[in-house]
Amino acid sequence: MAVLLTRPAPVNAASAARLRAAGFDVLPAPLMRFEAIACPDDADHGTDATIVTSAAALRAIADHPMRERLAAKPLFAVGEATAAAAREAGFTKIAIASGDAASLCELILETMRKRRLKKSTSFLYLAGANLSCDLAEVLAPHGLRVTTQTVYRMAALPTFPEAALAAFAANGIEAVLHYSRRSAATFVEAARLAGVEIAALALPQCCISKAVADVLHEAGAQRIAVARTPDEPAMLEALTRTLRPDLNNAS
């Protein structure tokens with residue numbers, strides 16, 4: 001039996017490798033597709049520091065003229081995975097939050113309180129088209145100037161690949177991994193369209209956060225495991241805890 005990996009390409013390749021290294025069979029079933037959004041060559045004009053909440057944003061500006069200019073300035077990353085992508089993109093002045101928007105905002109505010117950046121610092125938020133948190137709105141009451149530049153979108157793919165449909169029919173899926181609220185909602189929609197909603201929601205659902213888990217719970221799923229921290233290592237621990245409890249206890 002396999003774990004259904006709903007994460008989009010190309011990042012799902014690394015996730016699949018981690019799962020296989022942990023002893024799980026993997027069935028990739030991307031439910032979102034990354035699409036870069038064109039933005040002006042001078043979109044970073046006047047920018048002093050960058051905010052990034054997804055590695056996808058850095059992938060979106062990989063060939064953009066502003067990438068090299070921004071790489072020389074401070075960058076605030078939502079978590080370690082995004083920070084790793086920033087390092088690969090050439091950024092060196094990276095501050096890392098704990099994996100969610102709340103900790104990212106607190107990191108930025110703490111940096112300002114400690115005067116590591118000037119009060120007049122102008123931030124550029126490289127964002128996706130669907131914001132789960134409007135950082136500019138959250139930080140504005142604190143006197144911070146944040147410009148949001150949309151650089152990518154994640155398009156929903158509400159149809160399971162043929163291999164996934166065959167696996168559902170053969171009872172060949174033992175759990176599902178969910179990395180975002182939108183992909184979780186797309187999973188529910190795809191299951192309904194394919195006529196496998198009951199079977200799909202009866203499976204263990206492993207979610208990166210409670211916010212993601214809420215989507216599955218509202219859809220009727222009961223066997224939900226939430227990562228202790230919003231990152232992939234914690235998701236794998238939750239998956240092991242759910243499917244291999246004896247192995248997890250032995251460790």
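The values are calculated or read from the model by the stated rules, or taken from the named source; none is laboratory data. Remember, it's a predicted structure, so these values are computed and weren't measured experimentally. Neighbour counts are summed over all protein chains in view; Cβ atoms, including those assigned to glycine, are modelled from backbone coordinates with ideal geometry.
Cβ-Cβ contacts under 8 Å between residues 6 or more apart (or on different chains), taken from a first residue in region 1-21 that is under 13 Å from Met235 (Cβ atoms) to a second residue that is aromatic (Phe, Trp, Tyr), are listed as Val3/Phe24; Thr6/Tyr179; Thr6/Phe187; Arg7/Tyr179.
With the condition kept exactly as written, say whether any residue in region 71-84 is closer than 29 Å to Ala191 by Cα and either at pLDDT 95 or above or of a type in the set (Ser, Thr, Tyr) (or both). The answer is no; no qualifying residue exists. Do you know which residues across region 85-118 are within 19 Å of the chain's Cα centre (by Cα) and assigned to a loop (DSSP other than H, G, I, E, B)? Once the filter is applied, which keeps residues that are within 19 Å of the chain's Cα centre (by Cα) and assigned to a loop (DSSP other than H, G, I, E, B), region 85-118 yields Ala89, Ala97, Ser98, Gly99, Asp100. Across region 154-181, the number of residues qualifying as in contact (Cβ under 8 Å) with a residue 60 or more places away in the chain, crowded, with 18+ Cβ neighbours inside 10 Å and under 30 Å from Cys105 (Cα atoms) comes to 5. Inside region 37-60, can you point out the residues that are of a type in the set (D, E, K, R) and not in a loop (DSSP other than H, G, I, E, B)? Across region 37-60, the qualifying residue is only Arg59. Do the conditions hold for Thr148, that is, is it part of a strand (DSSP E or B) and surrounded by fewer than 19 Cβ atoms within 10 Å (Cβ to Cβ)? Spelling it out, Thr148 is indeed part of a strand (DSSP E or B) and surrounded by fewer than 19 Cβ atoms within 10 Å (Cβ to Cβ).
Taken residue by residue, region 188-203 has at least one member that is in a helix (DSSP H, G or I), touching a residue at least 60 places away in the same chain (Cβ under 8 Å), within 20 Å of the chain's Cα centre (by Cα) and surrounded by 19 or more Cβ atoms within 10 Å (Cβ to Cβ).
Out of Thr6, Thr53, Thr47, one residue alone is hydroxyl-bearing (Ser, Thr, Tyr), modelled with pLDDT of 95 or more and more than 15 Å from the chain's Cα centre (by Cα). It is Thr47.
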